[in-house]
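The values are calculated or read from the model by the stated rules, or taken from the named source; none is laboratory data. All of these numbers come straight from a predicted model, not from anything done at the bench. So basically every Cβ, Gly included, is an ideal-geometry build from the backbone, and we count neighbours across all protein chains shown.
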Amino acid sequence: MGKDRIVPGNSDPVDLSVFCVEPGRWTGTSAQFGGIASGNARSPYVTQMAQPSVRSKAMADKDQQKVWSEVSQSVAVVAAAPSQGSGGGIGSGTVGGVIGGTTSYAKVMGDEAVQKKVDEVAAPMERSYESVIKQLRNQKAVGVVVAIDGEIVWADIFASTPLLEKYWPKLVRSYATEAITRRGRKGGADVKTAQAFLDDLNGNREVVETEPGVFRHTEIVGLGFRAFELSSLLPKTGFEVHISKMSD
């Protein structure tokens, strides 16, 4: 999806501005709508959330070709990435950097070998989160700042701790996939720099889309970043539901 929005119950059909993440296929595989399974029965994750670098091409660039290019690059890197304890690519069915010959982002990320690699990266974050979840609830934690090789690249902030918890399983695996396919610039990320990244929302340009009485979506373009705020305008609300911020 190109951007967050709120759709009230019993509303008329709306254009969600979606982007395709499978280059080269123009017909549906099924007449039924549903998420791609994550690839193995042991995993609790039903659908795959695209990693930040793929999401950014839809959210910030709004460019289908850039989305496809990022998908192709990510799929090739993931297919070639060695799993712990192996000397080669993670997929025995890898063909030209594409697992099983498919260009489908969802199917590649749902491949069992890919899931194993993502598990290796995601597991420490999942364990860390579970070990401090009680403390986070007490502190009313509502978001996460993502750094790769010490370089801050992304942040997701939600309206409440329960909303963060709801999205956390998918978010952490999307961050893990990003870590596999991207290398930072060896920065020095710490709590102070993370807080500074969150606090800086002073932009040079803002683009606002609103549906009166339902939501307001604001895109902020600043020095070295883009941020996206979804605010609820529904009765008895008037708060920010989700903020995504990416470094340029």
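Of all strands (runs of 3 or more DSSP E) completely enclosed by region 151-248, which ones contain at least 1 residues that are among the small types (Gly, Ala, Ser)? Before the answer, list the steps.
Working: elements: 151-158, 205-211, 215-222, 225-232, 240-247.
Here the list reads 151-158, 215-222, 225-232, 240-247.
Quick grid of which residues meet (1) at pLDDT below 85; (2) in contact with a Phe, Trp or Tyr (Cβ under 7 Å, 6 or more places away or on another chain); (3) farther than 18 Å from residue 170 by Cα:
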position	(1), (2), (3)
61	no, no, yes
84	yes, no, yes
93	yes, no, yes
105	yes, no, no
111	yes, no, no
119	yes, no, no
123	yes, no, no
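Within the set of pairs 6+ apart or on separate chains, which have a first residue in region 141-157 that is on the phi > 0 side of the Ramachandran plot, a second that is of a type in the set (Gly, Ala, Ser), and C-beta atoms under 8 Å apart? Here the result reads 149/184; 149/187; 150/184; 150/187; 150/188; 150/189, each pair linking region 141-157 to a residue that is of a type in the set (Gly, Ala, Ser).
Every residue, every condition in (1) among the charged types (D, E, K, R); (2) modelled with pLDDT of 90 or more, yes or no:
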| site | (1), (2) |
| --- | --- |
| 1 | no, no |
| 14 | no, no |
| 17 | no, no |
| 25 | yes, no |
| 37 | no, no |
| 41 | no, no |
| 49 | no, no |
| 56 | no, yes |
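Quick check: anything in region 205-218 over 30 Å from residue 10 (Cα atoms) and touching a strand residue (DSSP E or B) at 6+ places or on another chain (Cβ under 7 Å)? Yes: region 205-218 contains one or more residues that are over 30 Å from residue 10 (Cα atoms) and touching a strand residue (DSSP E or B) at 6+ places or on another chain (Cβ under 7 Å).
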